[in-house]
Amino acid sequence: MKIYTNDQIRAIDAGTIRREGIAGIELVERAAEGIAREIMARWRPNKRIVVFAGPGNNGADALATARILMEQAYMPEVYLFNIGGNRLHPDCRESRDRFLAAGGSKFTEVIKNFERPMLGPDDLVIDGLFGTGLKSPLPSSGYVSVIQMINESGATIVSIDIPSGMFGDWNTEAINRNIINASLTLTLQFPRLAFFLSDNDQLVGNWKVIDINLSREEMRAQKAQFYLVQQQDIKSLLHPRKKFVSKADFGSAIIYAGSYGMTGAAVLAAKGASRSGAGKVTVHSPRCAFYVLQSTVPSAMYEADPDNSTISDFTLRKDYKGIAIGPGIGTSDNTVNALESFLKVANANSRPLILDADALNCIAMRPSMLNYIPVLSIITPHAGEFDRLFGEHASAESRLRKAIEVAAYHRILIILKGRYTAIVRPDGKVYFNSSGTPAMATAGSGDVLTGLLAGLLAQGYNPEIAALLGCFIHGLAGEMAEAVEGEYGVTADDIAANIGRAIKTIME
């Protein structure tokens, strides 16, 4: 699914109106019908509902919603902000007139002075103040005091399209205390980029898309930089297996993982690779890991490092299609030196790699190694690892912007892990992964992903496709594990154990 910018959505709205030969108020009515349905499905008519409508299209949506609710025996109280008078957008004025014509009696049009209503935790507020029509952050003004009043009331807040005071794209200059903190955001036709960044979670709350039947032709005509990856997208990328195949048809993967006290990371990565469908999986680990790996992952072969407790040699002894480095390897001097030597060779041979965990920490200790990461390699940092590599970032937004810049500069793929893991490509496109659950916030989950990615590369998927497949399958496996073990009980082992089931579910 494409994630459009505000400007693109406005173009799609205008294109829909032009193609269908309708007035803008028709889109307002479509939006209101969908929003009202959601509200009626969640709350009874005896619920106190207070509607705050601004002077633009967002206010028009709120007023039309209030009218439909009133027609269904709800009794919304409406406050329309028309500061100074004659400031209403034509669609907002039309929605106001329709509301009043339908008998709306609990209605206040705020032209100068605003008498604040009493709000409390038992009330429902519908926020239709600004939506995406806002051009700049709200200054310290009357509107800010209204927003703060709503937030401090403890009421349940439903925002139309986006929380008022927020921007659909980037929110670099926005101040959170001046933005509605919604419990639920009912966004129109498309999710917004801002919804996928952790900075905005408290503002957006839960969100749901309301389909208002905008023109599919207009949507297709718009090129996007950002995408949401869904199950139907992944199904089309997976290759079904033919009848007459052998393990040789599905490639070989090698994972450099483990050190003294961190053998579990190697085990989890090996399990992720083994469940991926790779033909053969080899784990290169220190000698101290021999018995652990051979007894816990018998499906994987073991290759001993010359060193007893760390990895000191990354030499490839066979032609592996999937190569992953990092889980639990530590950051000892001999490991850092060996990794640097290996990256120089891999870069010269243009061999894409997967670099995770301690491999990234090793590179952070010696940043010049960034220049030797082969083109189209995949790095998989969480926020802390990313900041160690590329500098401290105060927000998820600034981190994503930096990832876009770095991926283009080094021509690599960055899997920036989180609730909506962002797969950042060197061409500037960003794919947000839709699968996953908070239950996956557990030690070793990333090691399983690393192994899974190595297994997919081994099977011949190119790095861009492997990154999309790996993240979605990993997230779905986590959801399946949660269904059995609960949100608190999932371990990385459970995620690895469900990879095969996740692939089966997608392909069916």
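The values are calculated or read from the model by the stated rules, or taken from the named source; none is laboratory data. On a predicted model such as this, the values are computed, not experimentally measured, just so you know. Because the Cβ atoms are built from the backbone with ideal geometry, glycine has one as well, and the counts that use them run over all protein chains shown.
So the values come out like this:
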{"read-out": "Candidate set: the stretch 210-258, residues that are hydroxyl-bearing (Ser, Thr, Tyr) and over 30 Å from ASP7 (Cβ atoms); chosen: the one surrounded by the most Cβ atoms within 10 Å (Cβ to Cβ)", "value": "TYR256"}
{"read-out": "Number of the exception - ILE22 against (1) assigned to a helix (DSSP H, G or I); (2) modelled with pLDDT of 95 or more", "value": "(1)"}
{"read-out": "Residue satisfying condition, being within 18 Å of ILE35 (Cα to Cα), modelled with pLDDT of 95 or more and not polar (S, T, N, Q), within set LYS223, LYS208", "value": "LYS208"}
{"read-out": "Identity of the residue in the stretch 408-422, closer than 13 Å to ASN433 by Cα and in contact (Cβ under 8 Å) with a residue 40 or more places away in the chain, that ends up nearest to the chain's Cα centre (by Cα)", "value": "TYR420"}
{"read-out": "Among residues of the stretch 290-311, those that are within 17 Å of GLY451 (Cβ to Cβ) and either aromatic (Phe, Trp, Tyr) or assigned to a loop (DSSP other than H, G, I, E, B) (or both), counted", "value": "6"}
{"read-out": "Within the stretch 291-309, considering residues that are in contact with a Phe, Trp or Tyr (Cβ under 9 Å, 6 or more places away or on another chain) and closer than 22 Å to SER445 by Cα, the one surrounded by the most Cβ atoms within 10 Å (Cβ to Cβ)", "value": "LEU293"}
{"read-out": "Considering residues of the stretch 1-23 that are of a type in the set (Gly, Ala, Ser) and surrounded by fewer than 17 Cβ atoms within 10 Å (Cβ to Cβ) only, the residue nearest to ASN433 (Cα to Cα)", "value": "ALA11"}
{"read-out": "Selection from the stretch 130-182 of residues that are within 14 Å of ASN200 (Cα to Cα) and among the hydrophobic types (A, V, I, L, M, F, W, C)", "value": "ILE162, MET166, PHE167, TRP170, ALA174, ILE175, ILE179, ILE180, ALA182"}
{"read-out": "Any hit, the stretch 77-84, residues being more than 17 Å from PHE130 (Cβ to Cβ), of a type in the set (Gly, Ala, Ser) and out of contact with any strand residue (DSSP E or B) (no Cβ under 7 Å at 6 or more places or on another chain)", "value": "no"}
{"read-out": "Meets criteria (touching a Gly at 6+ places or on another chain (Cβ under 7 Å) and either under 25 Å from SER274 (Cβ atoms) or buried (at least 24 other Cβ atoms within 10 Å of the Cβ) (or both)) for THR380", "value": "yes"}
{"read-out": "Residue among ILE415, ILE373 that is buried (at least 23 other Cβ atoms within 10 Å of the Cβ), within 19 Å of ALA467 (Cα to Cα), in contact with a helix residue (DSSP H, G or I) (Cβ under 9 Å, 6 or more places away or on another chain) and not hydroxyl-bearing (Ser, Thr, Tyr)", "value": "ILE415"}
{"read-out": "Which numbered condition ARG192 fails, given (1) under 20 Å from the mean Cα position of the chain (by Cα); (2) at pLDDT below 95; (3) among the charged types (D, E, K, R)", "value": "(2)"}
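Rundown of residues vs (1) under 24 Å from LEU476 (Cα atoms); (2) out of contact with any Leu (no Cβ under 9 Å at 6 or more places or on another chain), yes/no style:
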{"residue": "PRO191", "(1), (2)": "yes, no"}
{"residue": "GLU217", "(1), (2)": "no, yes"}
{"residue": "LYS223", "(1), (2)": "no, yes"}
{"residue": "PHE244", "(1), (2)": "no, yes"}
{"residue": "PHE250", "(1), (2)": "yes, yes"}
